[in-house]
Amino acid sequence: MNSRNIKAWAALQAHAESLRDTHLKDLFQLDGNRFDELSVSTGRFLLDFSKQRVTGKTLSQLICLAEQQELRLWIEKLFTGEKVNDSEQRPALHTALRSPHDDPLQVNTQNVTEDVHCSLAKMERLVEQVQYGQWRGFDGSPIKSVVNIGVGGSNLGPLMVCDALSQYASSPLCRLDVNFVSSMDGSELEKLLPTLEPATTLFIISSKTFSTIDTLANANTAREWLLKASGEPIDAINRHHFIAVTGNPKAALKWGVAEDNQLLFWDWVGGRYSLWSVIGLPIALKIGMEGFRAMLKGAHAMDVHFRNTDFDKNLPVLLGLIGVWNVNFLNIHAHAILPYDGRLAQLPSFLEQLEMESNGKSINRDGKRLNYRTCPVLWGEVGSNAQHAFYQLLHQGTEPVMCDFITAAKRYESEGEELQKQHQLSLANCLAQSRLLALGDSAVASEQDASCYQHYDGNQPSTTIVMNELTPESLGGLIALYEHKVFVQSVIWEINPFDQWGVEQGKNVALSLLAELDALSDDGLDASTKGLISYVQQCCKENEPHEN
Amino acid sequence: MKINVYGSGLSAWVAAACLARVGNDVVICEGSQGKDKPLNKIAVICDELGLLHELEQQIDSGRLTRSAYMPAPVAGIHWVALESSEQETVVQIVRGLQEGEQSDVLIINQCNFMVGATAELQSLLADKGDVVYIPDNLQEGVALQGFSQPVRIILGLDRDHALIKIRAVLRPFSTRLDALQLMSSREAEFTKFAITGMLAIRLGYVNELANLADRLGVDISVVQEGMGADPRIGPHYLSAGCGFGGQNFHSYISRFSGIFQEERQQSLLKRVIDENEVQKELLFRKLWQHFNGKLAGKVIAFWGASFKPGTASIDNAPSLKIIDALISQGACVNVHDPEAMINLKEHYGEESLITYCETAMSAAEEADALLLVTEWSLYWSPDYQKLSETMREPLVIDGRNIFDKEMMLENGFTYLGVGR
């Protein structure tokens with residue numbers, strides 16, 4: 001799109017200009033029913049947009065924009081398996097991963113739903129075997145600990161969900177200790193391995209391509225640890241201690257994981273959209289297949305909502321469009337994710353990848369450079385902790401920032417009174433912060449004579465997402481909500497959210513530098529890199545024992 | 001004397017049989033569901049050798065009759081032997097007696113409730129009589145003898161008034177009695193827990209030693225003899241094996257460990273219980289290691305499945321864990337047990353990987369390994385020659401260390417014991 005050619009775009013620009021000097025506190029003063037008009041709830045969620053710098057007119061103009069960009073058509077393309085990932089010539093069918101068995105989806109000649117449910121069934125058998133203590137380590141002991149080795153989409157999603165849903169862990173009899181390692185430098189493994197018993201530890205190597213060097217490096221370290229501890233031959237260790245979750249069975253086999261120990265998924269599952277597939281194995285091991293299926297169910301409900309609901313009541317559409325409004329019309333390029341719930345501590349990292357890897361693009365689907373901004377910089381933290389860290393910038397800095405406040409209404413209902421109070425305290429902080437960010441000084445009536453350094457401008461927009469409670473189902477819905485929000489924005493921006501060419505080149509450059517670390521050659525390196533390499537080499541030399 | 005015995009577990013049936021045999025008029029109050037079931041259809045009775053016959057005799061003689069808990073027939077003595085989960089029922093029975101016409105009743109509590117339970121029952125009964133506690137020393141497999149010829153009885157009572165009557169009840173069973181130890185009911189309850197826990201810890205320790213002996217190439221049976229000869233230790237409960245089971249033993253120590261855990265997170269006893277569960281899979285691990293984790297299609301013979309000899313009970317038996325593990329690996333199981341076959345069939349139903357065998361030798365036919373799981377006497381001295389010929393691979397894994405290792409090796413067997 002050349003934004004100048006889109007009528008709705010120009011209208012929105014004019015509209016934004018007219019709202020430029022209107023503070024959020026004025027919007028609240030002008031319209032007492034603002035919350036009723038600018039919040040939408042489904043059975044499980046409430047989204048409150050009333051603290052965004054929008055009016056009813058903004059929303060209708062944004063919806064015009066969505067219509068002009070043929071969002072409805074794109075949604076159908078997404079759901080029916082068209083090749084929406086055009087640079088890689090394939091569909092993006094994460095919605096099919098959570099589609100019920102009786103709702104078959106045919107793509108070309110393939111019954112995708114059938115494939116998905118076969119793969120889920122294989123995963124279920126494996127999960128039961130491990131959970132019932134019948135997957136055995138090299139000496140015949142049942143597996144007690146699981147370590148997921150993966151990075152990016154093979155790590156962030158399962159890690160975030162396992163962390164969020166640990167209260168739903170399977171009954172003590174089949175409870176497993178589920179761990180995650182990702183970092184290329186082995187730091188996590190180095191810490192984790194001494195706490196594990198080799199004979200009772202199962203590793204999941206999770207990699208779509210089975211060529212990710214970070215993951216394979218960690219897998220090799222894990223295997224070396226097992227070989228040393230067991231004295232067993234390598235094929236026994238491979239057979240009893242490694243499961244491969246991958247889209248590349250040949251590479252997994254070559255590394256040493258035989259077919260029986262492989263769970264496969266398809267090239268039409270993008271890494272950051274893959275926790276619904278067998279990549280979710282650690283989730284299923286932690287909360288059981290029943291919990292895993294509940295999560296799929298919640299996501300599917302959001303899919304149905306996204307596909308069938310009018311745009312003015314459609315949660316992902318509204319969330320996406322308001323993001324576009326903030327980025328392209330209010331010039332806000334920072335986005336904070338603020339869960340007021342410690343269980344969602346990993347959600348910001350997950351959304352950082354989901355949004356920035358999907359929409360961090362600057363050319364459109366036709367390969368043309370864009371003349372407008374796309375994905376903002378995202379970051380976040382558990383809100384109550386962030387209050388003691390970066391909220392200063394939100395309240396009194398120079399950067400406009402849009403925020404998502406995320407919380408659950410009900411929690412700790414069967415726990416002690418003090419924990420229930422802590423939940424109330426957290427809720428109160430969530431509401432207080434979004435209020436102060438929006439209204440500034442006027443949120444605090446008595447502070448009018450405050451000194452200038454005590455002054456709060458306000459006018460920082462935010463959305464508040466309230467889940468009735470955090471369950472496998474509602475979390476599934478929340479993740480799907482953000483997935484679809486990202487898709488909505490990509491359609492408006494005319495970019496392909498399902499590729500990530502920007503992360504490929506760095507891997508290649510690193511591989512070529514690996515050799516240079518051992519022996520620096522002069523060939524074509526920049527001065528900075530050369531200088532850094534020789535410094536590292538010098539440090540290493542100093543530590544070597546001197547020979548006299 | 002007129003005695004009511006309450007309960008439908010093994011303890012109650014054994015008490016009823018033994019009390020009736022010495023001339024008392026006994027009514028066994030089994031609760032409302034049980035009392036119409038034929039005796040030979042009641043598993044706990046059939047599982048205990050000799051008990052069914054004894055009960056039938058006492059019923060024929062007219063000294064033993066069957067009834068529901070309530071309304072309990074009028075009697076002066078009430079022997080209460082319900083499960084540890086049935087405390088509420090016991091409270092109702094005592095309340096019924098408190099409200100009833102009979103005065104000066106004697107309640108003998110044999111239930112394994114928490115420490116202090118007997119004292120609570122006493123305060124419920126108030127001035128209608130006395131409640132005393134006699135710990136249930138039932139040993140499955142030798143229960144009748146254990147009841148009628150005890151060597152030692154611990155009697156927990158809080159009021160001396162009951163002593164004359166309780167002595168009279170116990171008199172016929174005192175022929176071999178060395179000691180009647182009197183203590184408060186709380187102390188007696190605690191003692192019962194303490195003894196059971198001690199035995200479990202001893203067994204757990206011996207099993208741990210055996211596993212170490214395995215690794216160090218030492219024969220644990222020799223070590224056991226050495227340990228047992230030390231008078232501070234003594235020879236009992238020193239046999240290494242593939243884990244202890246049984247409904248009573250297990251539920252006692254779990255409850256006792258539960259009390260500990262209310263006090264602190266981890267107790268020695270909890271550790272022993274957990275390790276025992278691991279020990280129950282020992283024979284499976286030995287098989288796994290022998291076959292390098294490739295057990296699919298292997299035929300594994302079982303000699304014995306009950307949790308110990310002399311009982312048909314398979315409650316918490318190691319055999320179940322080993323069979324489960326083998327089936328999961330796709331191995332075939334041929335099992336023989338002189339008493340537990342009915343219980344096993346009920347537990348596993350029509351599982352295609354399990355064959356229930358008529359004789360010990362037929363179980364070993366074409367087997368890749370033989371597991372001795374329960375030390376029934378008929379297994380102690382097999383026809384080695386025939387056994388070796390009938391098996392596909394002469395591998396014997398002896399979970400109770402009953403075979404002579406040298407003899408086994410001489411007959412061409414590969415022999416693996418527990419700690420030898």
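Of all residues being within 14 Å of another protein chain (Cβ to nearest Cβ) and in a loop (DSSP other than H, G, I, E, B) in the range A:211-234, which is surrounded by the fewest Cβ atoms within 10 Å (Cβ to Cβ)? Just the residue, please. The extreme case among them is A:231.
Taking the range A:168-183 as the range and being in a helix (DSSP H, G or I) and either over 15 Å from residue A:292 (Cβ atoms) or not assigned by TED's automatic domain parsing to the domain that holds residue A:281 (or both) as the test, the residues that pass are A:172, A:173.
Taking the criterion of being more than 25 Å from residue B:286 (Cβ to Cβ) and of a type in the set (A, V, I, L, M), the residues of the range B:202-237 that qualify are B:229, B:233.
Scanning the range B:226-240 for residues being more than 19 Å from residue B:276 (Cα to Cα) and surrounded by 12 or more Cβ atoms within 10 Å (Cβ to Cβ) gives a total of 5. Going by what's in this entry, would residue A:207 be described as away from every other protein chain (no Cβ under 14 Å), under 30 Å from residue A:513 (Cα atoms) and surrounded by fewer than 23 Cβ atoms within 10 Å (Cβ to Cβ)? Considered against the rule, which asks whether it is away from every other protein chain (no Cβ under 14 Å), under 30 Å from residue A:513 (Cα atoms) and surrounded by fewer than 23 Cβ atoms within 10 Å (Cβ to Cβ), residue A:207 comes out as no.
For the range A:119-142, does any single residue satisfy the condition of being more than 14 Å from every other protein chain (Cβ to nearest Cβ), crowded, with 22+ Cβ neighbours inside 10 Å, of a type in the set (Lys, Arg) and closer than 30 Å to residue A:102 by Cα? For the range A:119-142, residues more than 14 Å from every other protein chain (Cβ to nearest Cβ), crowded, with 22+ Cβ neighbours inside 10 Å, of a type in the set (Lys, Arg) and closer than 30 Å to residue A:102 by Cα: absent. Summed over the range B:113-125, the residues that are of a type outside the set (A, V, I, L, M, F, W, C) and open to solvent by 10 Å² or more (accessible area, probe 1.4 Å) give a count of 3.
Pairs linking a residue in the range B:55-83 that is assigned to a helix (DSSP H, G or I) to a residue that is not aliphatic (A, V, I, L, M), with Cβ atoms under 7 Å and 6 or more positions apart or on different chains, are B:55/B:13; B:58/B:21.
Just checking, which of A:425, A:378, A:354 is under 22 Å from residue A:465 (Cα atoms) and open to solvent by 10 Å² or more (accessible area, probe 1.4 Å)?
Matching residue, one of A:425, A:378, A:354: A:425.
Among the residues of the range B:241-275, which ones are under 14 Å from residue B:204 (Cα atoms) and open to solvent by 50 Å² or more (accessible area, probe 1.4 Å)? Across the range B:241-275, the qualifying residues are B:268, B:270, B:271, B:274, B:275. For the range A:235-251, the set of residues classified as away from chain B (no Cβ under 14 Å), outside any strand (DSSP E or B) and buried (at least 24 other Cβ atoms within 10 Å of the Cβ) is empty. So is residue A:93 surrounded by 22 or more Cβ atoms within 10 Å (Cβ to Cβ), part of a helix (DSSP H, G or I) and in contact with a helix residue (DSSP H, G or I) (Cβ under 7 Å, 6 or more places away or on another chain) or not? Considered against the rule, which asks whether it is surrounded by 22 or more Cβ atoms within 10 Å (Cβ to Cβ), part of a helix (DSSP H, G or I) and in contact with a helix residue (DSSP H, G or I) (Cβ under 7 Å, 6 or more places away or on another chain), residue A:93 comes out as no. With respect to residue B:202, is the statement that it is free of Cβ contacts under 8 Å to residues at least 60 places away in the same chain, out of contact with any Pro (no Cβ under 7 Å at 6 or more places or on another chain) and not polar (S, T, N, Q) true? Considered against the rule, which asks whether it is free of Cβ contacts under 8 Å to residues at least 60 places away in the same chain, out of contact with any Pro (no Cβ under 7 Å at 6 or more places or on another chain) and not polar (S, T, N, Q), residue B:202 comes out as yes. Pairs meeting the criteria (first residue in the range A:214-233 and without any contact (Cβ under 8 Å) to a residue 24 or more places away in the chain, second residue open to solvent by less than 40 Å² (accessible area, probe 1.4 Å), beta carbons under 6 Å, at least 6 apart or on different chains) are A:227/A:237. With the structure loaded, tell me whether residue A:95 is farther than 19 Å from residue A:306 by Cβ, more than 14 Å from every other protein chain (Cβ to nearest Cβ) and not charged (D, E, K, R) or whether it fails that test. When the stated conditions are applied, residue A:95 does not pass them.
One line per residue, one yes/no per condition, for (1) at pLDDT 95 or above; (2) farther than 29 Å from residue B:216 by Cα; (3) part of a helix (DSSP H, G or I); (4) in contact with a helix residue (DSSP H, G or I) (Cβ under 7 Å, 6 or more places away or on another chain):
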site: B:363; (1), (2), (3), (4): yes, yes, yes, no
site: B:366; (1), (2), (3), (4): yes, yes, no, no
site: B:370; (1), (2), (3), (4): yes, no, no, yes
site: B:375; (1), (2), (3), (4): no, no, no, no
site: B:397; (1), (2), (3), (4): yes, no, no, yes
site: B:401; (1), (2), (3), (4): no, no, no, yes
site: B:419; (1), (2), (3), (4): no, no, no, yes
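Within 14 Å of another protein chain (Cβ to nearest Cβ) and more than 18 Å from residue A:277 (Cα to Cα) - does that describe any residue in the range A:143-162? Yes, because at least one residue in the range A:143-162 is within 14 Å of another protein chain (Cβ to nearest Cβ) and more than 18 Å from residue A:277 (Cα to Cα). Hey, among the residues in the range B:1-40 that are part of a loop (DSSP other than H, G, I, E, B) and among the aliphatic types (A, V, I, L, M), which one's farthest from residue B:77 (Cα to Cα)? Ranking the qualifying residues of the range B:1-40, first place goes to B:22.
Of the helices (runs of 4 or more DSSP H) contained entirely in the range B:276-359, those carrying at least 3 residues that are open to solvent by 20 Å² or more (accessible area, probe 1.4 Å) and within 14 Å of chain A (Cβ to nearest Cβ) fall at B:282-290, B:318-328.
Among the residues in the range A:34-42, are any of a type in the set (Phe, Trp, Tyr) and under 24 Å from the mean Cα position of the chain (by Cα)? Within the range A:34-42, not a single residue is of a type in the set (Phe, Trp, Tyr) and under 24 Å from the mean Cα position of the chain (by Cα).
Could you say whether any residue in the range B:371-382 is without any contact (Cβ under 8 Å) to a residue 60 or more places away in the chain and either outside the structural domain of residue B:291 (by TED's automatic domain parsing) or surrounded by 13 or more Cβ atoms within 10 Å (Cβ to Cβ) (or both)?
Yes: one or more hits.
The values are calculated or read from the model by the stated rules, or taken from the named source; none is laboratory data. Here the structure is a predicted model, which means the values were calculated and not measured. Note: ideal-geometry Cβ built from the backbone for every residue, glycine included; neighbour counts use all protein chains shown. When the accessible area is computed, the model is the full protein with side chains, heavy atoms only, and any ligands, DNA or RNA have been set aside. Shrake-Rupley method; radii C 1.70, N 1.55, O 1.52, S 1.80 Å.
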